[in-house]
Amino acid sequence: MKFKIADKRTRNLYIGPLSVFMFWPSLIFFGSWFMGDVISLEYLLYVCLFCSVPALLNYKGRCDFKNYAENHTIEVSDKGLISYEPDTQEIMEWESVKTIKVKRSKGKVKSIKIFGNHGLTADLSRYEDLDRLYDELKNVIEAGRWR
């Protein structure tokens, strides 16, 4: 079975850039207002223009991640963990896996991290249906590697 990146990771596309855009102008405006002198509209406009650059970069990064998440899946097979990228396919073989750490909360799996040889790691906590992913990994990987 193939697993996709969870929708909660790609939802709320506009909240991040909007908060980046509004943070400094609102902080400067309300700070000057509490100090007793309101900043002029011209200077506030300069701050808004300055903040628009990181907000646009944040928006572009989120759009790129959303496109990546729509085209990316992983699959647990007998060979290893197969990662299907938009243009390639990579396999993490089970022989290279040293340990697997699983964190649970209220009976559900919250995070799965795979640690391999030579510093190789894979964080599977951003994928949907972690309980089923855990069950599939349990069928393939021997019990001595689980923590």
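Only the coordinates and a few stated rules stand behind these numbers; no lab work does. Predicted, not measured: the structure shown is a model, and the values here were computed from it. Ideal geometry is used to build each Cβ from the backbone, glycine not excepted, and the neighbour counts take in all protein chains shown.
Based on Cβ point charges of +1 for Lys and Arg and -1 for Asp and Glu, what charge dipole magnitude is obtained for the chain about its Cα centre, in debye rounded to the nearest 20?
700 debye
Could you state the per residue volume, in Å³, of the convex hull enclosing the Cα atoms of the stretch 77-142? Intermediate results must be reported in sequence, preceding the final value.
On the way: hull volume 6.4 nm³, N = 66.
Enclosed volume per residue, from the Cα hull, is 96 Å³.
Using label points projected 7 Å from each Cα along Cα→Cβ, tell me how many nm separate Arg11 and Glu136, to one decimal.
Output for this residue pair reads 2.3 nm.
Helix 15-35: angle to the longest alpha-carbon principal axis of the chain, degrees 0 to 90, nearest 10?
Once rounded, the angle reads 40 degrees.
Of the listed pairs Lys8/Lys101; Lys4/Lys110; Lys4/Lys60; Lys79/Lys103, which have alpha-carbon separations greater than 19 Å here?
Details: Lys8/Lys101 22 Å; Lys4/Lys110 16 Å; Lys4/Lys60 21 Å; Lys79/Lys103 25 Å.
Too far apart for the 19 Å limit: Lys8/Lys101; Lys4/Lys60; Lys79/Lys103.
Going by the alpha-carbon gyration tensor, a ≥ b ≥ c the square roots of its eigenvalues, is the stretch 2-71 rounded (a/c under 1.5) or, if a/c is not under 1.5, prolate (a/b greater than b/c) versus oblate? The partial results should precede the final answer.
On the way: a/c = 6.85, a/b = 2.91, b/c = 2.35.
The shape class here is prolate.
With runs of 4+ DSSP H residues as the only contributors, calculate the mean residue ellipticity of the chain at 222 nm using -39,500 (n - 2.57) per run, divided by the residue total and rounded to the nearest 500. Provide the component values of the computation, followed by the final result.
Working: 4 runs with 67 residues, N = 147.
Result for the chain: -15000 deg cm²/dmol, rounded to the nearest 500.
What is the distance, in nm, between label points placed 7 Å from the Cα along the Cα-to-Cβ direction at Thr99 and at Asp64?
3.4 nm
On average over all directions, what projected area in square nanometres does the stretch 17-108 have, based on the convex hull of its Cα atoms?
11.2 nm²
In degrees between 0 and 90, to the nearest 10, how far off the longest principal axis of the chain does helix 130-140 point, with axes built from Cα atoms?
30 degrees
Once the piece of chain linking Ile82 and Trp24 is laid out straight, how much longer is it, given 0.36 nm per residue of separation minus the C-alpha distance between them?
On the way: separation 58, 0.36 × 58 = 20.88 nm, distance 4.31 nm.
Computed gain between Ile82 and Trp24 is 16.6 nm.
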